[in-house]
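Trainee: Below is the structure I would like to discuss, written out as structure tokens.
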Amino acid sequence: MWLPWEYGLVLAVAFALIAWRLAPTSPRLSAFAREATTISLLYTLWQIAGQLSVLGIDDAIARGEWLWDLQRTLRLPSELDLQNAVLPSSFWTQFSNLYYAIAHVPAMGVFLVWLFFANRTLYPTWRNALALVTGASLLIQLIPVAPPRLTPATQMIDTGLQYGQSVYGTLGYGIAGQLQALPSIHVAWAAVIGWGMWEATTRRWRWLGPIHFAITFLVVAITGNHYWADGLLAMVLLVGARWLGQRIADFFAHDSEKESVVPAESISLS
């Protein structure tokens, strides 16, 4: 449904060239194009990692079963019970499929554009946090874990296939790798939007961010694409990414301030 990694790379190069051309005449638009370059590269890495994680499907299923058993031991709510509660309603089942497929990337794009223009002070922190949590997730996902819908022990079905709304093609390819269950980048990105919007504005519609996060957390389970643990790990990673993202933003802001200060010795009186 979304662009393959090759197109993401082309977009990154195009945005980089635009940023370079606009730098002398329009610094603000040039800065926006640089940010678009960064996000395009993140998207490209996400897509490439999805193809790398197809290795070892048998081991991936075994890890999925282990995660499922662990959640039962910890007495976490059953994803199967949630799915069974929604399945009788074709409307809500198809809504969950479509939300999983459609909202993920566009919501992040809208959020980043909005934050860039609405709160430039906070933008670098959340840009850094997004890059860090995505990178950490991709590294962990190199160890494949089968999602609930591909783990027989869960008895969960693939609701996307049931209604012809699956975003996946051949195993391991498509919008992202099918064995990238742990952690959930869907939940990680939704958490970035929810937390970021809540922090960036005091307007009433900041609730849209947490609402998007809550819906995403539910639909990834309803559709059989993620375990609760996938989302919980993503949230833990985001806490660390947010802290480190702030430190990085402060460091570069401090360096920028020092460079902008003209040393007193260099000022000559005439």
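The values are calculated or read from the model by the stated rules, or taken from the named source; none is laboratory data. What you see is a predicted model; the values in this text were computed from it and never measured. No Cβ is skipped: glycine too gets one built from the backbone with ideal geometry, and neighbour counts run over all protein chains shown.
Trainee: Those residues that are over 16 Å from ARG206 (Cβ atoms) and in a helix (DSSP H, G or I), I need them from the range 96-112; list them, please.
Mentor: SER96, ASN97, LEU98, TYR99, TYR100, ALA101, ILE102, HIS104, VAL105, PRO106, MET108, GLY109
Trainee: Take the range 141-162 and flag every residue that is within 14 Å of TYR227 (Cβ to Cβ) and assigned to a helix (DSSP H, G or I).
Mentor: Result: GLN141, PRO148, ARG149, LEU150, ALA153, THR154.
Trainee: Name the residue that is modelled with the highest pLDDT, counting only residues in the range 43-59 that are in a helix (DSSP H, G or I), surrounded by 20 or more Cβ atoms within 10 Å (Cβ to Cβ) and not β-branched (Val, Ile, Thr).
Mentor: TYR43
Trainee: Next up: Taking the range 5-32, which residues are under 20 Å from the mean Cα position of the chain (by Cα), closer than 21 Å to LEU130 by Cβ and of a type outside the set (Phe, Trp, Tyr)?
Mentor: Hits for the range 5-32 are GLY8, LEU9, LEU11, ALA12.
Trainee: Still on this structure, I have one more. Pairs, please: C-beta under 9 Å, at least 6 apart or cross-chain, first residue in the same structural domain as GLN246 (by TED's automatic domain parsing) and in a helix (DSSP H, G or I) and in the range 196-218, second hydrophobic (A, V, I, L, M, F, W, C) and surrounded by fewer than 15 Cβ atoms within 10 Å (Cβ to Cβ)?
Mentor: MET197/TRP205; MET197/TRP207; TRP198/TRP207; ALA200/ALA118
Trainee: Scan the range 76-94 residue by residue and report those that are over 16 Å from ALA229 (Cα atoms) and outside any helix (DSSP H, G or I).
Mentor: Answer for the range 76-94, where residues must be over 16 Å from ALA229 (Cα atoms) and outside any helix (DSSP H, G or I): LEU87, PRO88, SER89.
Trainee: Then there is this: List the residue pairs whose Cβ atoms are under 7 Å apart, where the first residue sits in the range 43-71 and is more than 30 Å from VAL10 (Cα to Cα) and aromatic (Phe, Trp, Tyr), the second is modelled with pLDDT of 65 or more and surrounded by fewer than 17 Cβ atoms within 10 Å (Cβ to Cβ), and the two are 6 or more positions apart or on different chains.
Mentor: Listed pairs, sorted by first residue: TRP68/ALA153.
Let's see how each residue does on (1) among the β-branched types (Val, Ile, Thr); (2) over 18 Å from the mean Cα position of the chain (by Cα):
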{"site": "ARG127", "(1), (2)": "no, no"}
{"site": "LEU132", "(1), (2)": "no, no"}
{"site": "ALA136", "(1), (2)": "no, no"}
{"site": "LEU139", "(1), (2)": "no, no"}
{"site": "VAL145", "(1), (2)": "yes, no"}
{"site": "PRO148", "(1), (2)": "no, yes"}
{"site": "MET156", "(1), (2)": "no, yes"}
{"site": "TYR163", "(1), (2)": "no, yes"}
{"site": "SER166", "(1), (2)": "no, yes"}
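Trainee: Among the residues of the range 197-222, which ones are within 23 Å of PRO124 (Cα to Cα) and of a type outside the set (Phe, Trp, Tyr)?
Mentor: Answer for the range 197-222, where residues must be within 23 Å of PRO124 (Cα to Cα) and of a type outside the set (Phe, Trp, Tyr): MET197, GLU199, ALA200, THR201, THR202, ARG203, ARG206, LEU208, GLY209, PRO210, HIS212.
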